[in-house]
Amino acid sequence: VLSSSSLYRDPQDQGRDLAFLPLTKGFIDQISDETRYNRYATPTQYDEFVQLHGSGIPTNVSISMYIEGITSFQARTMDFHIDMYFQQDWIDHRLVHNGSAPILVRDKAIFKQMWHPDVYFANARSASFQHVTDDNFLVWIYPNGRVWYDCRISATIMCDMNLWKFPLDQQECDMRILSYAYPEKQLRLRWTNRTDLKAIEANPEIKMPDMELVHIKQGHCNGTYATGVWSCMTAVFRVERQMMHHVMQTYLPSSLIVVISWFNFWLDVDSAPARVTLSITTLLTISTQANGVELALPEVSYMKAIDVWMGSCMAFVFGVMIEFTICHYAKNLEMARGERTKALVNSALTFFGASFGKQTSIDELNDEDLGMPGGTITLRSLREEDETEEPRLRRNNGERERNGSLLHDSMPLRQSRRAISFKKFRKQTAGTARRAIRFLRDVRKLRGRRLAQRIDEKCRVAFPMAFLIFNIGYWSFYLFFHPNLGDENNPRYL
C-alpha cells in the first residue's frame, strides 16, 4: 500500500522482506470457536490473561497514518478533505499461531470475527472507506499475536478556523481520534514509537491551490465526557494560505479603484456631473467587490483583515466625494458674500425714491430702464440725451416768449429740468451699481474657484500619502504579527 516496505516489517525482522502466508482453515476454526476466542473481549479481558496478569490492564493500540492527499480547506464551511492510509497495531495473544510468517487477512467477514479497536474521528463531518476496485484494507497477524490493521479512509474534517487575518492567515486544524465504546481504562491509544515508522507521514507531492502545508504534528486531546474519560489522540495540520490569488483578485483591483477616484482632484470644480458620476461609480464598484468577497466567507462576529481593507478603500472613495462637497460649498459660500453688496444697492435705490414702475430690485432693472443700450452707459449716449432735451426746452421757451407768458411758465420749466436731471442721475447710479455688482460677482466667483482649486491641490497629495501610510501599517501588522500558533510548549503537542 505504501512505498516504503519497512512499514510491513516486524521490528524483529529488520533487513529482509517478509513472505505472507495465506489464511488457513485451522486459523479460521480457531477464531470461530467461541470457547477459544471471545471476539467481544479485549486482548486484556479474556480469562487466561486476567488469571495471569490481573484485571484492569488497558489494551494499548498504536496508531499511525500516511497522508495521501489534502484538499479543499474551505473557509465558508470550515472544513477540509483528507485521504489517508490509517494503521492500527495491537497485540492479541489469542491469535498466536505456528506460522513462519504473518497471515494475511483480506476477507471482511473473517476480520469481523476478530476483536479490533472501534476507532473513529470525533470531528469528522463525514468519512468512508475506499472500495474501488476492492475493499482497501489488509490485516497481518504475526506469529507472536501482533495484529497490524491498515485501511484507506476518505474524510471531511471540521476545523474551527480563526479568520481575523483572512486572507493573510495561518490555520491549525486538529483531527481527533478516539475509541467509541472503550474508555481509557480498557483501551489506550498512542502514536507509534517504532523507529522504522513515522507516526504521521505526508505525501511530498501534496499540492493545494490556496494553501501550503507547513507541517503535521501528533498530539493528544482531552477525552473527558459525561460518561467517562476516553483516550484521545490528535493530528495537528498547520497550513498557510497562499495570498497571491487574493492579491490579484481583491487587493490590486480595489487599489486601482481608489486611485481612479483620485482623478476627481484634477477635474474642474464646476464639472459637477463628471465628478459626482466618477465618485458614485467608484463607490458602487468597491461596494460590489466587497460583497463578492463576503460571499465566500462565513458570517463571523469579528472583523477580518479583508474587511479592514475593503472598508478602508470604501472610506477613501467616500472621502473623495466628501472633498468635492466641501469644495462646492466653499465656492458657493464665497459667492454668497457678494449678495450683501446687492442688498445695499437695493436699499439705496429704495432710499432715493420709487423704482421704475413696479421694479424694486437692481436685478429686475433691464437695460432700457437704465438707458443702457447693449447693457452699458456711455458719455455719448448721455450727451445725445441732453441735446435732444435742450432744443425742445428752447423751442418751448421761444413760443412762450412770443406769447408773452415767459414769467408765468418760468417756475415749471425749472422744476422740469430738475426732474430730468434727477432721472438721469438715477439711471447713471443704477447702471454703475449693476456693473459693480457684476464685477464683484465675477471676483467672488474667481475667488471661490481658486479656494476650491487650492483644496483640490492639497488633496492630490494628502489622499495618496494617507493611502500609502495605511498600506504600510496594514501590511506590516497582518504580515509580521502572528498569534501563538504551533507553540512547542503547548501541552497538546507530543
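The values are calculated or read from the model by the stated rules, or taken from the named source; none is laboratory data. Bear in mind that the values here come from a model prediction, so they are computed numbers and not experimental data. In this analysis, Cβ positions are derived from the backbone assuming ideal geometry, glycine residues included, and neighbour counts consider all displayed protein chains. Please note that ligands, DNA and RNA were not included when accessible areas were found on the heavy atoms of the full protein model with its side chains. Shrake-Rupley method; radii C 1.70, N 1.55, O 1.52, S 1.80 Å.
Each residue was assigned an accessible area with a 1.4 Å probe, and for TYR182 the value is about 40 Å². By a 1.4 Å probe calculation restricted to protein chains, GLU294 has an accessible surface near 70 Å², given to the nearest 10.
Extension gain, HIS116 to ASP210, is 30.0 nm, computed as 0.36 nm per intervening residue step minus the present C-alpha separation. Using r as the Cβ-Cβ distance of ASN98 and THR195, and R0 as 25 Å, what FRET efficiency do you calculate, to the nearest 0.05? Once the sixth-power term is evaluated, E becomes 0.35. The distance between label points at ILE472 and THR133 comes to 6.5 nm (points 7 Å beyond Cα on the Cα→Cβ vector). Past the 31 Å Cα-Cα mark, which pairs from LYS185/LYS207; LYS108/LYS198; LYS112/LYS185; LYS165/LYS207; LYS25/LYS217; LYS165/LYS458? Pairs exceeding the cut-off: LYS185/LYS207; LYS25/LYS217; LYS165/LYS458. Between THR224 and ASP107, the simple label model (points 7 Å from Cα in the Cβ direction) yields a spacing of 4.7 nm. Residue ranking by accessible heavy-atom surface, 1.4 Å probe, largest first, among HIS97, HIS220 comes out as HIS220, HIS97. Taking trypsin sites (Lys or Arg not before Pro) across the range 198-300, the ones in a DSSP loop with at most 14 further Cβ atoms lying within 10 angstrom of their Cβ are LYS207. Computed over protein heavy atoms with a 1.4 angstrom probe, the accessible surface ordering of SER154, SER301, largest first, is SER301, SER154. Which residues in the range 249-283 have a backbone N closer than 17 Å to a point placed 7 Å from the Cα of ARG460 along the Cα-to-Cβ line? So the set is 259-271, 275. Here THR288 and PHE263 are evaluated by their C-beta separation; at R0 = 22 Å the FRET efficiency comes out at 0.70. Once the C-beta distance of SER255 and ALA19 is scaled by a Förster radius of 45 Å, the resulting FRET efficiency is 0.10 to the nearest 0.05.
Taking all protein chains as they are arranged and a probe of 1.4 Å, the heavy atoms of VAL300 leave approximately 40 Å² accessible to solvent.
Of ARG76, ARG194, ARG152, the order by accessible heavy-atom surface (1.4 Å probe, DNA, RNA and ligands excluded), from most exposed downward, is ARG76, ARG152, ARG194. Subtracting the Cα-Cα distance of SER126 and ALA296 from 0.36 nm times their residue separation leaves 59.0 nm of extension gain. Full extension of the segment from ASN162 to LEU52, taken as 0.36 nm per residue of separation minus the current Cα-Cα distance, would add 34.4 nm.
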